[in-house]
Amino acid sequence: MTIQWFPGHMTKARRQIEEKLKLIDVVIELLDARIPLSSRNPMVDEILKGKPRLVLLNKNDLADPQVTADWVKYFADQGLPALPIDAATGTHVKEILPRVKQLWAHKIERQLSKGINPRAVRALIVGIPNVGKSTLINQLAGKKIAATGDKPGVTKGQQWIKVGTEMDLLDTPGILWPKFEDQLVGMRLAATGAIKEELLHLDEIALFVVKYMVQNYGAGIQERFGVQDLPEDLDDIQEMVKVMEAIGRKRGAIVSGGKVDLDKASLIIIRELRAGKMGRISLERPLDKR
């Protein structure tokens, strides 16, 4: 399956980023800690052309701590420093500016050696829609600057934001790539709310979530929904559907005739995953084949 979704404003956003790059010292790349690679636009490496970069793993409070630690090591092995944060609560947000300045330290030292008072570091923040850029910007600025929302594409334009006296931050609209060749990437993005749910059927997304949970976080399903009998055969779709139906029955998603409304059950599963109600879950690991 190939999911195609490339609104016109995203083509414009890419062009705007490329035009502004000459003004940029450091790039802040914001990813979803639960799906770091799937939430990483493969065009970014091409667009950024070797600029110093800090990777932020946002929504860390929803992700599996051990898996996140594995991701930090993964990015370090790629030569990219990575910092887990939670923009909504401000966890570790204060560490961002020192990390950015560290990436630009050689230029700051050069200016000081020439007797020049260093200017503010100019940083570009990039990330796909709904990864939390606006929330992070508001945390960094200490006031509400950027619009926030739970739907992809809230941020429409570019703006410079002052972060104290030491950093100027350029915001950009979230950019998704033209199409998702890998079905798993699309599923992960849909499960976490990065792409519009209309692109996939709710039951397909929920089925993906249930299968992954049964394989990696079975206790989370058992504790949250009281479903004790989990299938051993991960490829048996009918058995996975039975888990979804059991969840639906526990939550009263019943239609006339006593049947489970799979759409309602699917919505329950997806919403509870996104809210972290099934525990801290990562939907992607460094060793996963994509």
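The values are calculated or read from the model by the stated rules, or taken from the named source; none is laboratory data. As the structure is a prediction and not an experimental result, all values here were calculated from the model. Every residue, glycine among them, receives a Cβ derived from its backbone with ideal geometry; neighbour counts consider all protein chains shown. With ligands, DNA and RNA removed, areas are computed over all heavy atoms of the protein, side chains included. Shrake-Rupley method; radii C 1.70, N 1.55, O 1.52, S 1.80 Å.
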Problem set entry | Sole residue being at pLDDT 90 or above, under 21 Å from the mean Cα position of the chain (by Cα) and within 18 Å of residue 278 (Cα to Cα), chosen from 219, 206, 246 | 206
Problem set entry | Flag for residue 102 being more than 17 Å from residue 24 (Cα to Cα), open to solvent by 70 Å² or more (accessible area, probe 1.4 Å), polar (S, T, N, Q) and modelled with pLDDT of 90 or more | no
Exercise. What pairs come up if the first residue lies in segment 113-135 and is basic (Lys, Arg), the second is open to solvent by 10 Å² or more (accessible area, probe 1.4 Å) and in a helix (DSSP H, G or I), and their beta carbons are under 9 Å apart, counting only those six or more places apart or on different chains?
Worked result: 119/111; 122/23
Seminar exercise, completed: Within segment 158-180, restricting to residues that are assigned to a strand (DSSP E or B) and open to solvent by 60 Å² or more (accessible area, probe 1.4 Å), the one that is modelled with the highest pLDDT is 162
Exercise. For segment 51-97, how many residues are open to solvent by 70 Å² or more (accessible area, probe 1.4 Å) and more than 18 Å from residue 34 (Cα to Cα)?
Worked result: 4
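Look through 155, 148 and report the one residue that is of a type in the set (S, T, N, Q) and either more than 25 Å from residue 280 (Cβ to Cβ) or at pLDDT 90 or above (or both). Before you say what the answer is, go through the steps one by one.
Numbers: 148 fails: either more than 25 Å from residue 280 (Cβ to Cβ) or at pLDDT 90 or above (or both).
Being of a type in the set (S, T, N, Q) and either more than 25 Å from residue 280 (Cβ to Cβ) or at pLDDT 90 or above (or both) holds for just one of 155, 148, which is 155.
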Exercise. Could we say that residue 252 is open to solvent by less than 70 Å² (accessible area, probe 1.4 Å), free of Cβ contacts under 8 Å to residues at least 24 places away in the same chain and either assigned to a helix (DSSP H, G or I) or in contact with a His (Cβ under 9 Å, 6 or more places away or on another chain) (or both) here?
Worked result: no
Exercise. Got at least one residue in segment 204-222 being of a type in the set (Asp, Glu), free of Cβ contacts under 8 Å to residues at least 60 places away in the same chain, open to solvent by 20 Å² or more (accessible area, probe 1.4 Å) and part of a loop (DSSP other than H, G, I, E, B)?
Worked result: no
